[in-house]
């Protein structure tokens, strides 16, 4: 960590499951150890005189903490006070602080983060609407009364059409997420230190990392696709009832492995952006930071994506209904046929809803990811000391050496 809002490569920082060797300024330290900041149980210098008269009077011993006029101990279960130069306190964070920190950073820098996200979302959504209108195949009509071979044929054609329709749209969404995440990660790195950031500054810092970020995303996609193919491939090749059962078991096993990898690699993007790591090094770095905290990381990510899903659902459903009414689409027809040929009113109105969702929720998820990365480094590497020094807080003006 250096004095700029960027983040240096940690080098030999203790990431392999052990706690950092240095006590944080907000934690009690051993007697005689130099202190950079006084905790709630240590009086600041000059508040009391040296104890020489226990009975009272000049130089009397100060009252015990928590009694009379002495300094109060923190309530049981509460976290000690910590410096907060930016959107988060410089100490290990709770789940609510991570979520609130992401919202606070986006609110404080909405012109930079949300303005950029809005521009990207509009461009991507316009391209998506044009693809849906002119390039993508029409939805396949499925006869609910079909049986046997005909039913299998219709299901196969419907699945193939759906995949052909989703692939380009998903690719566009992936690039939109990448560009948004790159800017939001830079915004979070400045917001933690309480420093302003303009769009030009954020883009100048994020631009050199865009291609490595694309490479990281593609590599993770290839890994997960390979695992899924290996899981279901043998069963599909058998082509019998036993093969179908084997494919189902392989699918379940592949989902478990993919979930484990996705959580283990969840912090790779912030490490790549902020530490200037290579693609493979960023994956290793993420796995090292998540090690020993997999379930906590999974819980925070699951909560984040549940919130994103619910909010996007609440926004998308009204726009979808309004779009069907404006386009003259009957709801029962839509449900029975799997989706008619949509007209411009439906595509435009639902596209507006998608722009709102992606503008607000994708940056929020990216901010949570970046703060989760910061939290793990604070817990494992005492990054809060480096952040306090970079923010210019009193008592942290010199570099801290690790043993």
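Points worth noting:
- Residues (touching a residue at least 60 places away in the same chain (Cβ under 8 Å) and in contact with a helix residue (DSSP H, G or I) (Cβ under 6 Å, 6 or more places away or on another chain)) located in segment 287-299: 289, 290, 297
- Candidates 181, 146, 151, filtered to the one that is assigned to a helix (DSSP H, G or I), modelled with pLDDT under 85 and either under 19 Å from residue 111 (Cβ atoms) or over 22 Å from the mean Cα position of the chain (by Cα) (or both): 151
- Only one of the numbered conditions (1) in a helix (DSSP H, G or I); (2) without any contact (Cβ under 8 Å) to a residue 12 or more places away in the chain is not met by residue 105, and that is (2).
- Residue in segment 87-96 that is over 23 Å from residue 225 (Cβ atoms) and either modelled with pLDDT under 90 or out of contact with any helix residue (DSSP H, G or I) (no Cβ under 8 Å at 6 or more places or on another chain) (or both) present: yes
- Selection count, segment 186-203, where residues are under 15 Å from the mean Cα position of the chain (by Cα) and surrounded by fewer than 20 Cβ atoms within 10 Å (Cβ to Cβ): 0
- Cβ pairs under 6 Å, 6+ apart, first in segment 252-266 and free of Cβ contacts under 8 Å to residues at least 24 places away in the same chain, second part of a helix (DSSP H, G or I) and surrounded by 12 or more Cβ atoms within 10 Å (Cβ to Cβ): 253/231
The values are calculated or read from the model by the stated rules, or taken from the named source; none is laboratory data. For clarity, every value in this text was computed on a predicted model and none was experimentally measured. Note that we place each Cβ from the backbone using ideal geometry, even for glycine, and neighbour counts take in every protein chain shown.
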